[in-house]
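Right, one structure below, let's go through it.
The values are calculated or read from the model by the stated rules, or taken from the named source; none is laboratory data. Note that the structure is predicted; figures quoted are calculated from it, not measured. Methodologically, a virtual Cβ is constructed for each residue, glycine included, from the backbone with ideal geometry; neighbour enumeration extends over all protein chains shown. Just the protein is used for accessible areas: all its heavy atoms, side chains included, with ligands, DNA and RNA removed. Shrake-Rupley method; radii C 1.70, N 1.55, O 1.52, S 1.80 Å.
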Amino acid sequence: MKKTQLVKLHSLLIEVKSFALVGHVSPDPDCIGSCLAFKKFLEFYGKKRTFFVSATGSKSKWFEKIAPRLRPLPAIPTKCETVIILDCADLSRVDAKDFKVSQKTVVNVDHHISNTGYGDISIVDARRSSTCEILFDIFCALRPEKDWLKNISKYLALGIIFDTNNFRNQGVSERVFNIMAKLSKHIHIQRLIKVLTEIKFYSLQEFCRGFLRGKTIMDGKGFIQFVNSDTESDWYSDFLGLVKEIDITCVAKRRSNFWQCSLRSKKHDVNKLARQFGGGGHKRASAFKFVGSRTKLIQALESGLKKAINKSLEKKSLIPKS
Ligand SMILES: [Mn+2]
C-alpha cells in the first residue's frame, strides 16, 4: 500500500464533510461489507453525512439479515463532495443511478486484477483476498480510536469469508487468518458463514430442473448454467466446482436485455477470458455482460474458451515448437 495514497486519504477524511459509499452492480457481500465498514469507520471522524448508495443491493436475503434497517439510496446525492467506490474494477460497473464522476473526488479501494486505476486516490492490490482485507490494513494504519474494530468487525469478516469462499480458495493466506483472529474477538464467525451459505433451494426438483437448463461445452470441460435468480448462482458455481472433469463454469443470469455472466475456473485465467467480452475480475473468478440470444452466448463462450484453453496449454507445453 503506497504511503502517499494513505496520507491523501487521511487528509480527505479530515477535511471533507459528506461522503457517498458505493460498490459494483450486482453487489456481493465483499462489496456491501466494505461499504458498511467504511461508513462505520467514518463515524470515528465525526462524519454524519455519509450515504450508502446501491441501486440494487437491498434485495438479497443475507443483506436483510446483516443490515435490516439500512435503506440504501439509489443515486449519489448531488451535494456529496466525495465518492468512495469499493470493490469495483471500473467506472462502468458503479452501482449508482445516473453516475457521473465530474466534480467529485473519487476514492477507490479494490482487489480486482482488472482495476483501471480510475480513482483520484486509488488503493488497489490484486494479491488480496477481498476489498475488506485491504480496508482492514487501511483502518489499522489510520486508527482513529482504540476500539475502532468493535463495530466494524462484522462487515469486514463478511467480505473476507465470502471472497475466500469460506476460507477455501487461493485468496486465503496467513494474513487472512491473522486478520480473522482479530475480528473473531467481536463476532461469531460460524454464524456469519451460516448466513452466507444457507440453502437456496426449496426442493430437490427445483435443483434438478435447474441443471437441465445448463449446457455442457468443450467435450465436458466447460459448463454453462442458466439461472433465474441471484441466489441460485453461487450455489451452482460451488457445486459445479466439485465436478473433476469441469475446468470452467459460466453461470448466466438473465437481466432485462443482457446476460450477466460469472466465470470460475480451477486452472485457467478467466480474467483474460472475460476481457474478450469486455468484462474482467480475478484470475479464477471473473464476470462479463453479454447481449444476444442463449445460443449466441453458448457459441461465443465455446470459441472464447477454445482460445483461452489452447493458449494456456501452449504455455505449459514442454515440447519445444519446431
Ligand atoms: Mn471482492
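A compact table of results
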item: Point-to-point label distance, K194-S92, nm (Cα→Cβ direction, 7 Å offset); result: 4.2
item: Residues H186 and T4, FRET efficiency given R0 of 45 Å [Cβ-Cβ distance, rounded to 0.05]; result: 0.90
item: Only Lys, Arg (+1) and Asp, Glu (-1) charged, at Cβ; the chain dipole about Cα centre in debye; result: 160
item: Cβ-based net charge around F44, under 13 Å, with every Lys or Arg adding one and every Asp or Glu removing one; result: +4
item: Listed peptides 134-144, 83-93, 273-283, 41-51 by packing density, highest first (mean Cβ within 10 Å); result: 83-93, 273-283, 134-144, 41-51
item: Gain upon complete extension [S203, C140; 0.36 nm per residue less C-alpha separation]; result: 18.2 nm
item: Listed pairs K97/K267; K47/K104; K17/K289; K47/K150; K221/K289 exceeding 27 Å between Cα atoms; result: K97/K267; K17/K289
item: Principal-axis tilt of helix 153-163 within the chain, Cα atoms, nearest 10 degrees; result: 20
item: Cut-off under 5 Å, modelled amide H: who pairs with S122 long-range; result: N108
item: ³J(HN,Hα) computed for each position of segment 86-98 - Karplus, 6.51 cos²θ - 1.76 cosθ + 1.60, integer Hz, glycine/proline x; result: 10, 6, 10, 6, 8, 5, 5, 9, 5, 8, 9, 5, 6
item: From phi via Karplus (6.51, -1.76, 1.60), per-residue ³J(HN,Hα) for segment 274-281 in Hz, x at Gly/Pro; result: 4, 5, 4, 10, x, x, x, x
item: Portion, in percent, of the accessible area of the chain that falls on carbon or sulfur, probe 1.4 Å; result: 53
item: Projected area averaged over orientations for the chain, convex hull of C-alpha atoms, nm²; result: 18.5
item: Pairwise Cα inverse-distance average, inverted: Kirkwood Rh of segment 1-117 (Å); result: 14.4
item: Listed residue (F177, Q260, L135) projecting farthest to the positive dipole end of the chain, Cβ model; result: Q260
item: Calculated FRET value between D125 and N166, using beta carbons and R₀ = 25 Å, to 0.05; result: 0.70
item: Value of D in µm² per second that Stokes-Einstein yields for segment 204-316, Kirkwood Rh from Cα pairs, at 37 °C (0.692 mPa s); result: 235
item: Translational diffusion coefficient (Stokes-Einstein; Kirkwood radius from C-alpha pairs) of segment 185-228 at 10 °C, 1.306 mPa s, in µm²/s; result: 120
item: Gyration tensor (Cα) of segment 164-269, equivalent ellipsoid semi-axes in angstrom; result: 29, 18, 13
item: Among beta bridges that DSSP assigns inside the chain, antiparallel share in %, nearest 5; result: 45
